[in-house]
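The values are calculated or read from the model by the stated rules, or taken from the named source; none is laboratory data. Note that this is a predicted model, so its numbers are computed, not measured. In this analysis, Cβ positions are derived from the backbone assuming ideal geometry, glycine residues included, and neighbour counts consider all displayed protein chains. Ligands, DNA and RNA are excluded from the accessible area calculation, which covers all protein heavy atoms including side chains. Shrake-Rupley method; radii C 1.70, N 1.55, O 1.52, S 1.80 Å.
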Amino acid sequence: MKNIKSKLKIILPIILLGIILVSGLVIKNHKNSSKSVYGEKTRVEQKQDSKDTKKQIDKKTNEKNEEKKQEDKEKKEESAKKDDKDKSKEEKDKKEASASDSKKEDVKNDKSSENQSKKVAVNKPSNSTKNTKSKKKPLNNKQVSVYMRVEGYNGTIVPRQKVTTGIFDLNPYLGRASGSSATPSKGWGVERFKEPTVAHALVKLLESKGYHHGSGYDFQDYGWGLYIAMINGDREFDHRNTSGWMYRVGNVLPNIGCQGKPIKGGEEILWYFGAYGFDTLVTEMKVDKRSVGVGKPITITLNGIKNDINTWKEFREPAKNATIYVNGKPYCNGSKKAITDAHGRVTIKFNKKGTYTLSAERINSKNLKDIVRPLPVTIKVN
């Protein structure tokens, strides 16, 4: 029995030690297994986190790329706009340079034409109209004919005659305005006119008779209109502060500048220098006979026309105290001159056969001529 107890004392510790060893191995295996599972889980989570991070990085990269593309697109559009703007500016500069060169060339041609006109003798016909035509063609190239005469203060400058004209560039025939009402001018080329005007007819007439811009006449550009300041030495404000050039169409005084009065053809146009402006009488002469025998009487009637400057109303009155001229000299029957009475009438006769041209003048108490000579009347004495 003692032996058995002695053996148990030895065996039990060994068994207990074995149990402890086995338990330790079990615990160790369990820990290793847990670590393996935890590590696998950690690796999976890390892998998932890596994927998510990569997605975020890719997303940010894509967003940056899109932003960069948008910026590049905007830069290209701005660059294109700038190029278009630069190109537009360059084309504009070229056009302005071309226009400036054209203007300089026109000015050069105008000056050349003016200098050439000054060199030509006053009594020779001018070709300046032909040489200084506008480069632009008029919309209406119709030619019309009118009848015009020019009466100066001391005598007839151009007798009544036919003038044929169309639209042409007036700029070469114009000078700078001398009055204070002048405004900047846009020029008076063919593009400014739809029809020929009284201004075109006057320039055509004067140039054809050897009167040239700057010497024979002074046609001034006021911007808003054109104004004749001088013809053949008769200049505005000569004699009185009301003195100046005026014109009538069909014996009617227009209320517009000559550049604004179109002509249709067949009109009777009178240009005259009036010492008394609107108060200057424009006269008409009538005779009871145009053909008479020697010694037979002829009755002459002289009437005057004028307009009120404020109302433009026309007034007619007898041109009394006017001296009758025959062939450019005062008519005398012996020592007696033929002077119109209070009714503007006078009777004369001729003692010789021939053809006689009648006209009239009047000098007032201030020694100034205050009427415009009438259109001459021709009398044949048989």
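Take every Cα pair under 8 Å whose residues are at least 6 apart in sequence, average their separation, divide by the length of segment 148-293, and the relative contact order is 26 percent.
Classify segment 152-202 from the C-alpha gyration tensor, please: rounded if a/c falls under 1.5, else prolate or oblate depending on whether a/b exceeds b/c. Taking the square roots of the gyration eigenvalues as a ≥ b ≥ c, segment 152-202 is oblate. With a ≥ b ≥ c the root eigenvalues of the C-alpha gyration tensor of segment 141-247, is it rounded (a/c under 1.5), prolate (a/b larger than b/c) or oblate? Since a/c reaches 1.5 but b/c is at least a/b, the shape of segment 141-247 is classed as oblate.
Suppose accessible area is computed on protein heavy atoms with a 1.4 Å probe; arrange E207, E314, E191, E361 from highest to lowest.
Numbers: E207 5, E314 70, E191 105, E361 25 Å².
From most exposed to least exposed: E191, E314, E361, E207.
Among the listed pairs K261/K306; K264/K289; K137/K209, which are separated by more than 30 Å between their Cα atoms? Distance filter (> 30 Å) returns K264/K289.
What ranking do 294-302, 148-156 get when scored by the average of other Cβ atoms within 10 Å per residue, highest first? Each step should come with its number before you reach the end.
On the way: 294-302: 15.8, 148-156: 18.9.
Listed from highest to lowest mean packing, they are 148-156, 294-302.
Need one word for segment 200-328: rounded, prolate or oblate. Basis is the Cα gyration tensor (sqrt eigenvalues a ≥ b ≥ c); a/c below 1.5 gives rounded, then a/b vs b/c decides. In terms of gyration-tensor shape, prolate. Database remark: amide H of A322 closer than 5 angstrom to the amide H of T340 (H placed geometrically; neighbours at sequence offset of 5 or more, or on other chains; Pro and chain starts carry no H).
Carbon and sulfur atoms: what percent of the 1.4 Å accessible area of segment 216-281 do they account for?
Working: 1270 of 2460 Å².
Carbon-and-sulfur percentage of accessible area, whole number: 52.
Once the mean of 1/r is taken over each pair of separate Cα atoms and inverted, segment 261-382 shows a Kirkwood hydrodynamic radius of 15.5 Å.
Would you work out the relative contact order for segment 219-325, in percent, from Cα pairs under 8 angstrom that are 6 or more residues apart? Display every interim value, and only then the final one.
Numbers: 147 pairs, mean separation 19.6, N = 107.
Here the relative contact order equals 18 percent.
Sequentially through segment 283-292, phi angles give Karplus couplings (6.51, -1.76, 1.60; θ = phi - 60°) of 9, 10, 10, 10, 10, 7, 9, 10, 9, 9 Hz, Gly and Pro residues having no value and appearing as x.
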